[in-house]
Structures are given as C-alpha cells and as structure tokens.
Amino acid sequence: MKRDCYSEITNAIIADLEKGVRPWAKPWEGSTIPCRPLRITGEPYRGINTLLLWSASHRQGYQSAYWLTYQQAQHQGGNIRKGEKSTTVVFSGTLTRTEQDDNGEEQDKVIPFLKAYSVFNIDQTEGLSEKYRAPAATAPTVRENARHEKADQFIANTNADVRHSGDRACYSPVEDRIYMPSIGHFRDSDSYYAVLLHELVHFTMREDRCPRKFRPSVHGTANYAREELIAELGAAFLCADLQISLTPRPDHADYIASWLE
C-alpha cells in the first residue's frame with residue numbers, strides 16, 4: 001500500500017502537540033543552543049525534515065546533530081546497532097505530466113510529491129568516526145544584554161524598519177514597521193533576538209515579500225493562530241542558524257489548541 005507521507009508527518013506533529021510539546025522548540029529549552037539537523041555531508045536539513053528530526057532527537061535523547069541512511073553508515077565503514085529504529089524523513093519534488101484539457105489540447109501539469117526514506121542518528125551507530133559524535137548543541141554564550149553581531153547584520157540585511165519604544169513587541173502591517181522594547185528590557189540578549197526574529201517573520205507577510213495564502217485576520221481567529229505558527233517556526237529556524245537560544249513567548253502555549261485544530 002502506498003504511504004501517505006502527508007498524514008504521517010501531520011500525525012507525528014499532532015502527537016507532540018497533544019503532549020504539550022512543540023517539536024520546533026523543545027530540543028533546546030533550558031541550557032543549550034540548537035543547530036539544524038545535519039546530513040552526514042554537513043549539509044543542514046530544511047523545512048519539515050528539520051521538525052521531524054528535532055522531534056525525534058527530543059523523544060530519543062540523541063545528542064549528535066548528524067543523520068545518515070543505512071547504506072551511508074556502511075559506506076563510512078560503520079553500521080547501525082542491532083534493534084535501532086529509523087526515523088522517517090521526506091524528499092520533496094515535482095513531476096510533469098502531460099494531460100488533455102476540456103478542449104482536447106495537451107497541457108503540462110506540474111504535480112508536487114513527497115517521497116519518504118529512513119535515516120538514523122549517529123548515536124544509533126557504531127564504528128563511525130568520533131567527529132560525528134559531537135553534541136548537537138553547545139553551551140550557550142552568556143551575552144547578558146550585549147549585541148549579537150551576526151544577528152544584527154542579518155536583521156539589517158532585511159531592510160526591516162525596527163523602532164524601539166514602549167513595552168510591546170509587534171509588527172504593524174499598516175505601517176510596515178516592527179516595534180520592540182529596547183534590549184535592556186529583556187532578561188538577556190538572546191531573549192531580545194528571539195522575539196525580534198519572531199516579529200521579523202511576521203514582517204515577511206506583505207504581498208511583495210512572502211504573501212500568505214490566507215488573511216492573518218484578528219486576534220483569536222484560526223488564521224491569526226496560523227500566522228503565529230508560521231512566526232514560531234520561522235523564529236525557531238532562524239535562532240538555530242544564528243546560534244541563539246530560543247525563548248518561547250509565554251502566550252504561545254495558548255495557541256496549541258488552535259494549532260491542533
């Protein structure tokens with residue numbers, strides 16, 4: 001029987017949310033800084049695979065950031081330990097099929113697809129180089145309220161209009177502007193950047209950037225919660241790439257029921 005990759009992925013994320021666990025945030029809550037899951041080549045995974053592998057690492061307690069297939073483990077001169085279970089990831093692509101329209105004319109139709117395959121964490125292997133067994137996360141840099149040069153440069157490159165005033169963080173679509181409290185109002189600089197990166201993802205919603213296929217609407221609606229989920233995921237990815245400890249906003253726990261729906 002053909003696998004339904006979409007349902008498998010959705011069900012895995014739902015299972016985590018029903019436990020109150022956000023798979024994009026949980027692996028590094030506490031005293032560690034995250035990184036993206038990595039292929040054995042060092043290339044970071046992207047998109048939904050990032051969430052699937054972060055979730056698996058949290059459930060199983062894996063410390064390594066590296067993942068590989070059974071064949072890759074053998075090619076590297078090692079093997080998968082007996083009894084270890086794989087984690088499913090997917091390859092996404094498109095195929096083109098020629099079909100006839102209602103007028104009998106042939107047209108090319110582009111069809112997206114997902115293909116599932118299995119990978120293992122380096123912690124499930126034996127006989128491989130110790131360089132792959134480096135911890136997936138490192139001790140966080142104590143920045144207190146210092147500036148983060150790499151994050152500042154990334155934010156500047158977006159050309160977002162960021163104004164520091166008041167005690168509320170938000171993106172105003174009408175003004176196309178982000179409002180933030182000053183960095184000194186936050187517990188530490190990582191907390192400041194995590195919130196700013198969240199608002200920066202909201203900043204992408206405009207038509208000439210990354211327009212949504214839905215209207216974010218007003219607070220309390222399903223589409224509002226959907227936009228918050230996009231900002232949560234975007235901030236998680238950015239924090240991982242910039243080596244910033246993600247500090248989940250307290251109000252996001254209120255969205256879990258909406259995200260499940």
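Assorted remarks:
- Summed over the stretch 187-222, residues that are part of a loop (DSSP other than H, G, I, E, B), out of contact with any Cys (no Cβ under 7 Å at 6 or more places or on another chain) and not aromatic (Phe, Trp, Tyr) total 18.
- Within the stretch 217-260, if we keep just the residues that are of a type in the set (Asp, Glu) and modelled with pLDDT of 75 or more, the residue that is surrounded by the fewest Cβ atoms within 10 Å (Cβ to Cβ) turns out to be ASP241.
- Members of the stretch 74-108 that are of a type outside the set (Phe, Trp, Tyr) and within 24 Å of GLY47 (Cα to Cα): LYS85, SER86, THR87, THR88, VAL89, VAL90, SER92, GLY93, THR94, LEU95, THR96
- Test result for PRO173, more than 23 Å from the chain's Cα centre (by Cα) and at pLDDT 90 or above: yes
- THR41, sole failed condition from (1) at pLDDT 90 or above; (2) of a type in the set (S, T, N, Q); (3) touching a strand residue (DSSP E or B) at 6+ places or on another chain (Cβ under 7 Å): (3)
- Every listed requirement among (1) at pLDDT below 95; (2) under 30 Å from ILE122 (Cβ atoms) is met by PHE154 save one, (1).
- Some residue of the stretch 171-179 being surrounded by 12 or more Cβ atoms within 10 Å (Cβ to Cβ), touching a Gly at 6+ places or on another chain (Cβ under 9 Å), hydrophobic (A, V, I, L, M, F, W, C) and outside the structural domain of LEU38 (by TED's automatic domain parsing): no
- When GLU130 is tested against the conditions (1) acidic (Asp, Glu); (2) closer than 30 Å to LEU246 by Cα; (3) surrounded by 10 or more Cβ atoms within 10 Å (Cβ to Cβ), the lone failure is (3).
- Residue match in the stretch 228-244 (condition: part of a helix (DSSP H, G or I) and either among the aromatic types (Phe, Trp, Tyr) or more than 16 Å from the chain's Cα centre (by Cα) (or both)): yes
- With a requirement of 2 or more residues that are without any contact (Cβ under 8 Å) to a residue 12 or more places away in the chain, the strands (runs of 3 or more DSSP E) lying completely within the stretch 72-185 that satisfy it span 87-100, 106-121.
The values are calculated or read from the model by the stated rules, or taken from the named source; none is laboratory data. Note that the structure is predicted; figures quoted are calculated from it, not measured. Methodologically, a virtual Cβ is constructed for each residue, glycine included, from the backbone with ideal geometry; neighbour enumeration extends over all protein chains shown.
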